[in-house]
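The values are calculated or read from the model by the stated rules, or taken from the named source; none is laboratory data. Here the structure is a predicted model, which means the values were calculated and not measured. Quick reminder, even Gly has a Cβ in these numbers, built from the backbone with ideal geometry, and neighbours come from all protein chains shown. Note: areas computed on protein heavy atoms with side chains; ligands, DNA, RNA excluded. Shrake-Rupley method; radii C 1.70, N 1.55, O 1.52, S 1.80 Å.
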Amino acid sequence: MTINRTTGLSPLKARGDMLMDEPLIFERSSEGRPGVLPAAPDVPAVDARKFIPEKMLRDAIGGFPQVSEIDVVRHYTRLSQWNFGVDTGFYPLGSCTMKYNPKINEAAARLSGFSMLHPYAPEETAQGALQLMYELQEYLADISGMDAVTLQPSAGAHGELCGLLMIAAYFKGIGAMRHKIIIPDTAHGTNPASAHLAGFKVVPVKSEANGVLSAAAVEAAMDDDTAALMLTNPNTIGLFERNIKKIAAIVHKKGGLVYCDGANMNALMGLVKLGEIGVDVVQFNLHKTFSTPHGGGGPGSGPVGVKKSLEPLLPVPRIKKSGKKYSFAYDRPDSIGRMKAFYGNFSIMVRAYAYMRRMGKDGLKRASEIAILNANYIRERLKGHYQLAYDTPCMHESVFSDKLQQSNGVTTLDVAKRLIDYGYHPPTIYFPLVVHGSIMIEPTETETKETLDRFIDAMKAIAQEAKTSPELLKNAPASTRVGRVDETRAAREPILRWKPKTGI
Ligand SMILES: *Cc1c(COP(=O)(O)O)cnc(C)c1O
């Protein structure tokens with residue numbers, strides 16, 4: 001589709017301003033069209049040349065866009081509307097828990113008492129913030145069945161690193177350093193990366209044909225040099241690692257620890273206490289489970305919970321409560337130190353706290369139950385239209401593949417791109433790696449049955465198109481401003497800066 005870059009209107013389908021291919025602000029420029037006309041000064045004018053060094057003076061800025069105020073407003077407003085987010089549509093991105101975040105949590109995070117608080121304000125003037133952090137730690141400990149929690153890490157992967165550094169410190173502390181971490185193939189990709197970063201050697205183990213880890217596989221891999229097993233539970237194919245108790249006993253018997261990647265806590269709240277089934281260290285992703293809008297890659301918050309034996313190793317400062325007074329405790333000789341400047345991403349803690357207080361224990365449990373129900377509803381209804389990687393009930397997400405579409409030359413990527421034409425953000429694709437051509441769908445608990453039904457209808461229609469007119473999928477998306485891009489090239493050679501001919 002050719003688009004007139006000046007008016008932005010497509011000669012094929014003049015669908016109005018909402019579907020414009022927005023030109024660059026520089027392309028909207030028109031010589032001599034000022035945005036703002038300042039009023040004439042009411043003080044005597046002076047020559048700037050007298051005060052500003054010669055080399056810093058210039059008569060004009062080459063290539064500077066000359067646009068009216070309304071041009072500027074429309075330009076940036078339109079760009080902002082191109083963003084797809086959970087506030088604009090269904091976002092079934094598996095592994096990411098793109099659930100709706102109640103706006104009241106945003107309002108709480110913006111309260112000036114929180115948002116304007118200086119991190120070095122005296123403790124007496126920051127009691128509310130300290131209390132919030134202290135109580136949030138307690139809630140997380142309660143949800144996970146752990147003994148103590150730090151809020152410092154700023155993402156899930158950062159929490160993993162923090163947990164692994166504590167595990168390393170633990171073995172160093174008892175004078176018997178261990179060097180290996182066992183990680184199953186159904187773990188999240190950040191797990192081996194974090195283990196490597198913390199100085200460990202990664203020992204991969206294979207999950208069974210049914211998608212979960214067997215006790216026998218762990219038994220065979222576990223030895224005296226293994227510091228920990230790092231398990232994602234529910235794992236990345238959305239299945240609960242049901243042998244975890246047995247597996248944890250094997251690891252503990254050989255003196256190892258059990259790390260659980262708890263980013264999928266949205267499936268466990270109020271249903272499973274990880275601390276009670278053998279987990280020693282777990283990280284939470286507040287930005288997934290406990291309300292924070294995702295976007296632009298951050299910010300995040302990845303608190304870490306530990307069992308008593310690891311509590312002295314938690315990062316400093318800790319938050320102390322004596323009577324009704326809260327304070328920071330820095331004097332902790334066994335601590336691994338700091339993971340982050342100040343205390344972590346505070347505004348995300350406020351959102352999580354507000355979310356938990358509003359939901360209550362029962363509400364959180366209900367959220368997990370419905371997250372699981374919604375995922376299984378989609379799984380059941382799409383079964384037969386797409387191949388199910390593991391045909392057993394799932395937790396909060398389910399993984400399909402393109403196996404049934406392959407005979408028509410249609411791949412997972414084609415299905416994902418075609419979904420855009422139906423108005424949906426595609427699910428996670430080609431992850432997890434254990435499933436060839438995976439399509440990973442996580443609806444979350446915040447979607448209505450009507451939304452799920454419409455999405456299912458779209459997925460079914462696409463499965464039908466794959467049989468009757470695969471070219472529709474091969475050429476998708478057809479309804480967007482930009483069609484299918486070379487994603488590798490777009491990632492490797494992003495054009496982030498417009499270079500005016502005259503130079504700025
Ligand atoms: C998202 C996710 C992570 C990584 O979390 P970040 O906040 O992106 O660093 C780790 N493990 C699992 C299972 C995840 O879903």
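Residue-by-condition table, conditions (1) within 21 Å of residue 409 (Cα to Cα); (2) in contact (Cβ under 8 Å) with a residue 40 or more places away in the chain:
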residue: 450; (1), (2): no, no
residue: 455; (1), (2): no, yes
residue: 461; (1), (2): yes, no
residue: 472; (1), (2): yes, yes
residue: 476; (1), (2): yes, yes
residue: 479; (1), (2): no, yes
residue: 483; (1), (2): yes, no
Requested in this report: Filter the helices (runs of 4 or more DSSP H) completely within the range 195-292 down to those with at least 3 residues that are more than 12 Å from the ligand (Cβ to nearest atom).
Outcome: 215-221, 244-253
Report summary line: Cβ pairs under 6 Å, 6+ apart or interchain, first in the range 153-182 and within 15 Å of residue 227 (Cβ to Cβ), second crowded, with 22+ Cβ neighbours inside 10 Å and among the acidic types (Asp, Glu), ordered by first then second residue, are none
Query raised in the report: So which residues in the range 319-376 are touching a Cys at 6+ places or on another chain (Cβ under 8 Å) and either without any contact (Cβ under 8 Å) to a residue 24 or more places away in the chain or not in a helix (DSSP H, G or I) (or both), if there are any at all?
Result: 336, 339, 376
Report summary line: Of 91, 139, the only residue that is modelled with pLDDT of 95 or more, aromatic (Phe, Trp, Tyr) and either within 16 Å of the ligand (Cβ to nearest atom) or at negative phi (or both) is 139
Query - All positions within the range 382-413 that are closer than 17 Å to residue 463 by Cβ, within 24 Å of the chain's Cα centre (by Cα) and modelled with pLDDT of 95 or more - result: 398, 399, 400, 401, 412, 413
Query raised in the report: Which of the following residues is modelled with pLDDT of 95 or more and under 20 Å from residue 279 (Cβ atoms): 220, 193, 176, 168?
Result: 168
Query raised in the report: What are the pairs, 6+ residues apart or on separate chains, where a residue within the range 78-103 that is closer than 20 Å to residue 299 by Cα has its Cβ under 7 Å from a residue that is within 15 Å of the ligand (Cβ to nearest atom) and aliphatic (A, V, I, L, M)?
Result: 86/98; 91/98; 94/440; 94/441; 95/440
Query raised in the report: Are there any pairs, at least 6 apart or on different chains, whose C-beta atoms fall under 6 Å, with the first in the range 110-132 and under 22 Å from residue 292 (Cα atoms) and the second open to solvent by 50 Å² or more (accessible area, probe 1.4 Å) and not in a helix (DSSP H, G or I), and if so, which?
Result: 119/342; 129/117
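Matching residues to (1) within 15 Å of residue 94 (Cβ to Cβ); (2) open to solvent by less than 50 Å² (accessible area, probe 1.4 Å):
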position	(1), (2)
445	yes, yes
454	no, no
457	no, no
472	no, no
476	no, yes
Query - Residues that are assigned to a loop (DSSP other than H, G, I, E, B) and closer than 30 Å to residue 436 by Cβ, drawn from the range 171-194 - result: 185, 186, 187, 188, 189
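Sort through 301, 347, 309 and tell me the only one that's of a type in the set (Gly, Ala, Ser) and touching a strand residue (DSSP E or B) at 6+ places or on another chain (Cβ under 8 Å).
Matching residue, one of 301, 347, 309: 301.
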Report task. Kindly establish whether residue 312 is surrounded by fewer than 21 Cβ atoms within 10 Å (Cβ to Cβ), assigned by TED's automatic domain parsing to the domain that holds residue 187, within 16 Å of the ligand (Cβ to nearest atom) and farther than 20 Å from residue 446 by Cα. Result -> no
Requested in this report: Assess whether residue 326 counts as being among the hydroxyl-bearing types (Ser, Thr, Tyr) and either assigned by TED's automatic domain parsing to the domain that holds residue 138 or open to solvent by 10 Å² or more (accessible area, probe 1.4 Å) (or both).
Outcome: yes
**Report entry** Unmet criterion (only one of (1) away from the ligand (no atom under 15 Å from the Cβ); (2) open to solvent by less than 20 Å² (accessible area, probe 1.4 Å); (3) more than 23 Å from residue 348 (Cβ to Cβ)) for residue 306
**Finding:** (3)
